[in-house]
Amino acid sequence: DQIAYRFEIRAVLGKGAFGQVLRCLDHKTKKNVALKMIVNTDQMREQGQIEISLLQHLNSAPNHENSCIIQGYDYFIFRNHICATFEILGQNLYEYLRATHFKPFSMHQLKSVAKDILTAIAFIHQNHIIHCDLKPENILLCAGSTMNARIIDFGSSCVVGHQKYEYIQSRFYRAPEVILGSPYGPPIDIWSFACTVAELAMGNPIFPGDDEAEQLEMIMEVFGIPPV
């Protein structure tokens with residue numbers, strides 16, 4: 001099938017509540033791209049518009065080529081669906097862990113991947129954006145590499161000072177201030193980063209709570225009771 005008389009669908013790369021990601025041949029550039037097609041609902045349309053505006057801002061910021069975030073190409077509407085095309089990357093970190101039977105990363109590999117994630121977080125925060133959903137599924141290895149990574153999926157992200165959603169971050173990576181309904185900011189991304197790195201080092205999540213109450217209990221086992 002063709003999208004916008006330009007993108008020939010070759011494979012499905014992934015699916016989620018947001019919609020799906022397709023591997024397509026771009027007949028204009030003769031290159032393969034990842035095309036994200038967002039579900040046509042009011043909420044997803046709004047989130048898609050926010051994601052595209054934030055990505056355009058980040059992809060045009062100084063030094064973006066060294067930012068370790070995904071490179072976006074084109075954005076358009078097709079049959080009332082918001083679509084965006086991106087560079088093609090490799091597996092996400094969860095898929096990679098699963099493929100290796102949840103074997104912990106070597107320290108050499110862990111340091112290399114963690115450095116790229118921190119580079120991306122620093123770039124995002126310098127441009128006054130909070131990612132709000134860092135987790136292994138939203139960090140992809142570069143094509144053909146197991147040492148370098150890129151951050152993807154800015155569908156839950158926001159500009160600092162314009163935090164819109166209270167229910168953010170996947171539970172295993174959710175910062176205490178988000179669980180408690182307190183004001184939050186860029187530090188929540190660092191919490192998620194630390195949870196992710198711990199998971200890569202151990203092979204399984206550090207705080208795998210079944211609900212928010214158990215999530216807090218697991219955090220308190222390590223950090224103690226939160227201050228009043």
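Side notes on the structure shown:
- Residue identified as among the hydroxyl-bearing types (Ser, Thr, Tyr) and open to solvent by 50 Å² or more (accessible area, probe 1.4 Å) among TYR173, TYR167: TYR167
- Selection of region 100-151 for residues being of a type in the set (Val, Ile, Thr) and open to solvent by less than 40 Å² (accessible area, probe 1.4 Å) yields VAL113, ILE117, ILE121, ILE124, ILE129, ILE130, ILE139, ILE151.
- Test: residue in region 132-142 that is over 18 Å from ASP116 (Cβ atoms), under 15 Å from the mean Cα position of the chain (by Cα) and touching a residue at least 24 places away in the same chain (Cβ under 8 Å): yes
- Here region 30-78 is the region considered, the condition is being open to solvent by 70 Å² or more (accessible area, probe 1.4 Å) and in contact (Cβ under 8 Å) with a residue 12 or more places away in the chain, and the residue that is nearest to ALA17 (Cα to Cα) is ASN40.
- Extreme residue, surrounded by the most Cβ atoms within 10 Å (Cβ to Cβ), among residues of region 176-211 that are over 29 Å from HIS108 (Cβ atoms) and hydrophobic (A, V, I, L, M, F, W, C): VAL178
- Residues within region 193-228 that are of a type outside the set (A, V, I, L, M, F, W, C), outside any helix (DSSP H, G or I) and within 26 Å of the chain's Cα centre (by Cα), tallied: 7
- A Cβ distance below 6 Å, combined with a sequence gap of six or more or placement on separate chains, defines the contacts here; from region 172-188, residues that are in contact (Cβ under 8 Å) with a residue 40 or more places away in the chain and closer than 13 Å to ILE130 by Cα reach residues that are surrounded by 15 or more Cβ atoms within 10 Å (Cβ to Cβ) and of a type in the set (Gly, Ala, Ser) in the pairs ILE188/ALA175.
The values are calculated or read from the model by the stated rules, or taken from the named source; none is laboratory data. The shown structure was predicted, so the numbers you read here are calculated from the model rather than taken from an experiment. Methodologically, a virtual Cβ is constructed for each residue, glycine included, from the backbone with ideal geometry; neighbour enumeration extends over all protein chains shown. Each accessible area value is taken on the protein alone, full model and side chains, heavy atoms only, with ligands, DNA and RNA left out. Shrake-Rupley method; radii C 1.70, N 1.55, O 1.52, S 1.80 Å.
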